[in-house]
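First comes the structure, then the notes that go with it.
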Amino acid sequence: MRAYVPSYQLISPATLGEALDLLAEDNDAWKPFAGGTDLMVLLEAGQLPHTNYINVWNLPELRGIEVTDDHVWLGALTTYTEVQDNSVLRGEFPMLCQAASETGGLAIQNRGTLGGNIVNASPAADSPPALLAYDAALELVSTQGARWVPYHSFHTGYKEMSIRPDELLVRIRLPRTTRGRRQYYRKIGTRKAQAISKVCLAALAQISDDRIDDARIAFGSVAPIPLRCVKTEGALRGQKLNREIIERAKAELAREIVPIDDLRSTRNYRLRVSLNLLEDFLVTDT
Ligand SMILES: Cc1cc2nc3c(=O)[nH]c(=O)nc-3n(C[C@H](O)[C@H](O)[C@H](O)COP(=O)(O)OP(=O)(O)OC[C@H]3O[C@@H](n4cnc5c(N)ncnc54)[C@H](O)[C@@H]3O)c2cc1C
């Protein structure tokens, strides 16, 4: 049943400073409201937990995509449409663009934000595997100042994160180190559009003369958090790419992920598909 709307409060601060002051008010009283595509679903279902929200949509510090020599900086409010429209992202970060193009439908892509996707912290979300494989970092800002957190250490448990109630996610930083690397993104869902993933893989590798110099592998929907598979990466790094190594990496992956049975899929299906996707990534020369 839909929640009773007048019992909620939404404030639109004029500046980032005002927003941070509200977040710093007594413990956990205010929550950020970005595109609202996750929060409005909860409102409609009568399950929106907090009553006080800060509309961050108009804060310029959380907007825009900036490209410098070594990094791309994405405002937390960057929408999926903005991701797909950016030529540097299309050229160097195609997995993020593909994730954006397979997220929801056009309305969600115009309104949903990367920051909201990250902090909503669904293990089935589509952008986090790409952001993990790209070694993203997050800028968290509060009245105390700013700090950067490597994205691979941000999710600490199901819906638990390294962000304090007084902090706002302001920017996401991607290192521009993807040139010449093999990149592979696959979302497996029930349909081609408007589906929540059953399994999702984002993988990136530097392979020269059949030797894997570096690999970054991240899965969605196979653990309580979006998972960077560092042990599987370790099984591949520095190895000659051959059948034996592929099988060894698959065995490592089977130990590293913890898929579950739920209403969207089964543990066995998720495990089998994850192993198949890893193999497909390793044998597909793109
Ligand atoms: C029909 C539909 C289809 C969808 N399909 C997909 C899909 O295919 N794949 C997918 O991954 N997701 C999907 N989603 C989920 C949703 O659209 C995304 O997670 C989206 O990116 C959320 O962004 P938002 O700005 O709307 O977040 P909001 O709903 O505004 O906020 C989500 C959470 O993040 C917090 N938050 C937001 N911004 C910040 C910030 N800057 N700093 C700190 N906390 C913040 C909020 O407090 C809230 O807890 C779908 C949703 C709907 C309704």
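Considering only the stretch 197-214, state which residues are within 16 Å of the ligand (Cβ to nearest atom) and either out of contact with any Asp or Glu (no Cβ under 9 Å at 6 or more places or on another chain) or at pLDDT 95 or above (or both). Selection gives Lys198, Val199, Cys200, Leu201, Ala202. Scanning the stretch 32-57 for residues that are part of a strand (DSSP E or B) and more than 8 Å from the ligand (Cβ to nearest atom) yields Asn52, Ile54, Asn55.
Residue-wise test of (1) open to solvent by 20 Å² or more (accessible area, probe 1.4 Å); (2) over 14 Å from the mean Cα position of the chain (by Cα); (3) touching a residue at least 24 places away in the same chain (Cβ under 8 Å); (4) over 26 Å from Gly105 (Cα atoms).
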position: Asn120; (1), (2), (3), (4): yes, no, yes, no
position: Ser127; (1), (2), (3), (4): no, no, yes, no
position: Asp135; (1), (2), (3), (4): yes, no, yes, yes
position: Asp166; (1), (2), (3), (4): yes, yes, yes, yes
position: Val170; (1), (2), (3), (4): no, yes, yes, no
position: Arg179; (1), (2), (3), (4): yes, yes, yes, yes
position: Ala193; (1), (2), (3), (4): yes, yes, yes, no
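Residue check: is Leu174 open to solvent by less than 50 Å² (accessible area, probe 1.4 Å) and more than 13 Å from the ligand (Cβ to nearest atom)? Yes, satisfied.
Against the numbered list (1) over 25 Å from Phe281 (Cβ atoms); (2) within 8 Å of the ligand (Cβ to nearest atom); (3) part of a helix (DSSP H, G or I), Leu169 comes up short only at (3).
Summed over the stretch 71-118, the residues that are touching a residue at least 60 places away in the same chain (Cβ under 8 Å) and among the aromatic types (Phe, Trp, Tyr) give a count of 2.
Looking across the stretch 58-71, the residues that are open to solvent by less than 50 Å² (accessible area, probe 1.4 Å) and within 11 Å of the ligand (Cβ to nearest atom) come down to Leu59, Leu62.
Exactly one residue out of Ala3, Ala29, Ala19 is part of a loop (DSSP other than H, G, I, E, B), open to solvent by less than 40 Å² (accessible area, probe 1.4 Å) and in contact (Cβ under 8 Å) with a residue 40 or more places away in the chain: that is Ala3. Is it true that some residue in the stretch 142-154 is near the ligand (Cβ under 10 Å from one of its atoms) and either under 18 Å from Thr37 (Cα atoms) or open to solvent by less than 20 Å² (accessible area, probe 1.4 Å) (or both)? No, because not a single residue in the stretch 142-154 is near the ligand (Cβ under 10 Å from one of its atoms) and either under 18 Å from Thr37 (Cα atoms) or open to solvent by less than 20 Å² (accessible area, probe 1.4 Å) (or both).
Does any residue of the stretch 72-83 turn out to be assigned to a helix (DSSP H, G or I), under 23 Å from Gly180 (Cβ atoms) and either open to solvent by less than 60 Å² (accessible area, probe 1.4 Å) or more than 11 Å from the ligand (Cβ to nearest atom) (or both)? Checked against the condition, which is being assigned to a helix (DSSP H, G or I), under 23 Å from Gly180 (Cβ atoms) and either open to solvent by less than 60 Å² (accessible area, probe 1.4 Å) or more than 11 Å from the ligand (Cβ to nearest atom) (or both), the stretch 72-83 yields at least one hit. Just name the residue that is surrounded by the most Cβ atoms within 10 Å (Cβ to Cβ) out of those in the stretch 241-267 that are in contact (Cβ under 8 Å) with a residue 40 or more places away in the chain and either within 16 Å of Ile225 (Cα to Cα) or over 24 Å from the mean Cα position of the chain (by Cα) (or both). Here the answer is Pro259.
The values are calculated or read from the model by the stated rules, or taken from the named source; none is laboratory data. Just so we're clear, the structure is a prediction, and the values are computed from it rather than from any experiment. All Cβ positions, glycine included, derive from the backbone under ideal geometry; neighbour counts span all protein chains shown. Just the protein is used for accessible areas: all its heavy atoms, side chains included, with ligands, DNA and RNA removed. Shrake-Rupley method; radii C 1.70, N 1.55, O 1.52, S 1.80 Å.
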